[in-house]
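The values are calculated or read from the model by the stated rules, or taken from the named source; none is laboratory data. Computed from a prediction, not measured in an experiment: that's the story for all the values here. Note that each Cβ is placed from the backbone with ideal geometry, even for glycine, and that neighbours are counted across all protein chains shown. Please note that ligands, DNA and RNA were not included when accessible areas were found on the heavy atoms of the full protein model with its side chains. Shrake-Rupley method; radii C 1.70, N 1.55, O 1.52, S 1.80 Å.
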Amino acid sequence: MKFNNANEAFEKYYHLITCYGINFANTKALFNRGFTILNPLDNKINNKVRNWSNKYADREWDWYLSGDPSAIEISKYAPIWKNMMDEDGNVRSNYGWQWNRNNQLDKVIDILRTNNNTRQATISIYDGKEIDTYSNDTPCTYAIQFTIINNKLNMSVVMRSNDLWYGFCNDQYCFSKLQELVSLELNIKVGEYYHFAHNMHLYNNFLNKGV
């Protein structure tokens, strides 16, 4: 399935989950769903019912850019982070902190500069070998991979779990910003964004919103 932009994907999957999702852990969920966004930089969710906050999404992106795992400041704007913090106020889901571990992002850019046919330009986030560290916060994203095709930077995001209402709307915005950042480093255009979720869901309290 292909969409021109993120808002089209949000609206389509809202209806698909509402109509065809199965009951699963206080949600309606679809499993193993993937789609392509043809214009990733058209990343604003403008559905009026969703009432998405570009200002908050930019705060989250700036937090990722900081690489600081502390969620104390961001939790002032999204209280959900308070439930995910450890005793020091840190979380595992600051994706910028994750892609800076072992300089993953810098290495990916270097690999792409050296070999534009590489299949190794990958950032890992969720790691089963670290599951003992996920008692408070479990990253929703497995990995991000970049590929240069026709001199454009394509990106693939693979998620273990993706809440459509909050998670997808803010995650796709930050991931598309990351795609843009890498493309600027390489001095090439942004290509397509492929998004895959093993479990894409809506919590029951967000069903029947009239999207």
For the chain, with all protein chains present and a 1.4 Å probe, just round the carbon and sulfur fraction of the accessible area to a whole percent.
46 percent
Per-selection metrics, the stretch 62-209 (Cα): Rg and Dmax in Å:
15.9, 49
For Tyr77, what is the net charge nearby, where nearby means another residue's Cβ is under 12 Å from its Cβ and Lys, Arg count +1, Asp, Glu -1?
0
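State whether the stretch 101-167 is rounded, prolate or oblate according to the following rule on the C-alpha gyration tensor (a ≥ b ≥ c being the square roots of its eigenvalues): a/c under 1.5 gives rounded; otherwise a/b larger than b/c gives prolate, and the remaining case gives oblate.
Details: a/c = 3.27, a/b = 1.69, b/c = 1.94.
Oblate shape, in that a/c is at least 1.5 and b/c is the bigger or equal ratio.
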Accessible area in the full protein assembly, largest first, 1.4 Å probe, for Thr118, Thr138:
Thr138, Thr118
Neighbourhood net charge (12 Å Cβ-Cβ; Lys/Arg +1, Asp/Glu -1) for Phe206
+2
In terms of the charge dipole of the chain, which places +1 on Lys and Arg and -1 on Asp and Glu at the beta carbon, the residue among Met85, Ala9, Thr141 farthest towards the positive end is Ala9
Quick tally, 1.4 Å probe accessible area for Lys209, Lys2, sorted with the most first, runs Lys2, Lys209
Given a 1.4 Å probe and the protein chains all in place, what does the accessible area of Tyr166 round to, in Å² to the nearest 10?
110 Å²
Taking the Cβ-Cβ separation of Ile111 and Met1 as r and a Förster radius of 30 Å, what is the calculated FRET efficiency to the nearest 0.05?
0.50
For a quick check of understanding: with a 1.4 angstrom probe and all protein chains in place, what accessible area in square angstrom does Phe31 have, to the nearest ten?
70 Å²
When DSSP beta bridges are limited to those with both residues in the chain, what percentage is antiparallel, rounded to the nearest 5?
70 percent
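How would the stretch 73-124 be classified by its alpha-carbon gyration tensor: rounded, prolate or oblate, with rounded meaning a/c under 1.5 and the a/b versus b/c comparison settling the rest?
Prolate.
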Number of Lys pairs in the stretch 1-116 with C-alpha atoms less than 23 angstrom apart, excluding same-chain neighbours closer than eight positions?
12
Could you give the nm distance between label points at Ala143 and Leu181, where each point is 7 Å from its Cα heading toward the beta carbon?
2.0 nm
